[in-house]
Amino acid sequence: VRTYTVDAIVLRRRPLGEADRILTLLSRERGKISAVAKGVRKTQSKFGARLDFFNRAIVTLHAGRSLDIVTGATSVGGAWERIVDPDVFAFTSYLATAIDDLSEPGMAIPELFDVLCETHDALAAGVTPGALAAAVDLQILAALGLAPELSACARCGDQLGRRPLAGGRATLSPFAGGLICRRCAQDPALVEVSRRPGEQSLTVSAGELAALRALSNASLTELSGHETFASLATVTHPFVRHHLGTRSRSLMAADRP
Ligand SMILES: [Zn+2]
C-alpha cells in the first residue's frame, strides 16, 4: 500500500520551489516524516492552513521515491490561534527543534507524540509556556528514554530519596545524567567536566527537587496558574541541551570514515 494516513503535528516547514513546502511531521504511527506538500503556499490551497506550524492534523500521504507526498489533511481539535502569541511561538519553536533533532526518522514513539499533543492541548487551553516548560522538558526526555535520574545518584547509584544532600541543596549534573551524591560531586573527573560550557552542575533546593519529581508525571493541562515552575526550566533546559550536544557529537563521530 503506497498511501497511508497518520495523526501528526507539524514540526517544521521549509519552502520548496514556487508554491510547495517540505514539511517535517511527528506522527504517532511512523514517528518523524519528511514530506512534500504541493501548492500549499498558494492562497487557494485547500489544506495549506491545516498544515501550519505546530498544527495537529490527520494527514494522508503517498509514498514517493525519495520524499512522501501529502495528498490530504484534516485538522484535529479545531483552530489553533495561540501561535500568534510570541511566548507560545518561541516555546513551540524550541520544542519542535528539540524533538526534530532528538528523534529518528521513521521510528514511532507514541509516548513522545502524546507529550506533544498534551502540550498542544494545554497551550490551546491557555496554560502558559512558563508553567509548562520544565514539565514538558522532563516528559520529552522520558519519552526518549533520556529522563534525568532524580532518585538515585546518576553516577554511583546510591539511593538518595528525599534527603537534602548538603546544606539543604541537591546537586544535578547534565553530564552524569541527573542527581549526584556528595561523594561523586567531589570526583575530580566530574569537577573537570562541569567546567565545560553547558555542562555545569546545578544545585536545587529540596522543594525544587520534589517539584521536578512531581512534574515528571504531571498532567500538563492541570499546570494552569503554576507560574512558579517557570524557574525550574533553568534546571531542565541544560539536560535537553546536553542530549542535543551529545547527539551532534555522536553524528560527527559516525560520519568519520
Ligand atoms: Zn554517587
Requested in this report: Please give the peptides 215-222, 11-18 ranked by average Cβ packing (other Cβ atoms within 10 Å per residue), highest first, as a rough proxy for protection.
Outcome: 215-222, 11-18
Report summary line: In the range 35-98, the trypsin sites (Lys or Arg not before Pro) that sit in a DSSP loop and have at most 12 other Cβ atoms within 10 Å of their own Cβ are 42, 46, 65
Report summary line: Taking only the alpha carbons of the chain, the radius of gyration and the largest Cα-Cα distance, Dmax, both in angstrom, are 20.3, 64
Requested in this report: Among the aspartates and glutamates, select those whose C-alpha is under 14 Å from the C-alpha of residue 32, and discard any that sit fewer than 8 residues away in the same chain.
Outcome: 7, 68, 100, 101, 104, 111, 114
Query raised in the report: Can you pull out the trypsin sites (Lys or Arg not before Pro) in the range 151-251 that DSSP calls coil and that have at most 13 other Cβ atoms within 10 Å?
Result: 162, 195
Query raised in the report: What is the spin-label model distance, in nm, from residue 89 to residue 18 if the labels are put 7 Å beyond Cα along the C-beta direction?
Result: 2.8
Report task. Highest first, please rank the peptides 28-34, 127-133 by the mean number of other Cβ atoms sitting within 10 Å of their residues. Result -> 127-133, 28-34
Query raised in the report: Dividing the Cα convex hull volume of the range 101-252 by residue count, how many Å³ per residue is that?
Result: 117
Query raised in the report: Put +1 on the Cβ of each Lys and Arg and -1 on the Cβ of each Asp and Glu in the chain; which of 126, 67, 45 then has its Cα farthest toward the positive end of the dipole?
Result: 67
Query raised in the report: Just in the range 36-137: which GluC sites (Glu not before Pro) are loop by DSSP and have at most 13 other Cβ atoms within 10 Å?
Result: 81
Query raised in the report: Under a plain spin-label model, where a point goes 7 Å from the Cα along Cα-to-Cβ, how far apart in nm are residue 183 and residue 158?
Result: 0.5
Query raised in the report: For the chain, what is the calculated [θ] at 222 nm in deg cm²/dmol (nearest 500), taking -39500 (n - 2.57) for each run of four or more DSSP H residues and dividing by its residue count?
Result: -11000 deg cm²/dmol
Requested in this report: Between beta-carbons, use under 13 Å as the cut-off and find the net charge around residue 133, counting Lys and Arg +1, Asp and Glu -1.
Outcome: -3
Query - Extension gain from residue 97 to residue 221, taking 0.36 nm per residue of separation minus the Cα-Cα distance - result: 42.4 nm
Requested in this report: Extending each Cα 7 Å along its Cβ direction at residue 195 and residue 214, get the distance between those two points in nm, one decimal.
Outcome: 3.9
Report summary line: Taking every other residue with Cβ under 14 Å from the Cβ of residue 230 and scoring Lys and Arg +1, Asp and Glu -1, one gets -4
Requested in this report: Using only Cα positions of the range 54-117, each an equal point scatterer, no hydration layer, compute I(q)/I(0) via Debye at q = 0.15 Å⁻¹ and quote the log10 values to two decimals.
Outcome: -0.64
Requested in this report: Distance between Cα centroids, the range 26-92 to the range 137-194: provide it in whole Å.
Outcome: 38
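Any read-out appearing in this document is the output of simple, stated calculations on the displayed coordinates, not a laboratory observation. Remember, it's a predicted structure, so these values are computed and weren't measured experimentally. Cβ: placed from backbone, ideal geometry, glycine included. Neighbour counts: every protein chain shown.
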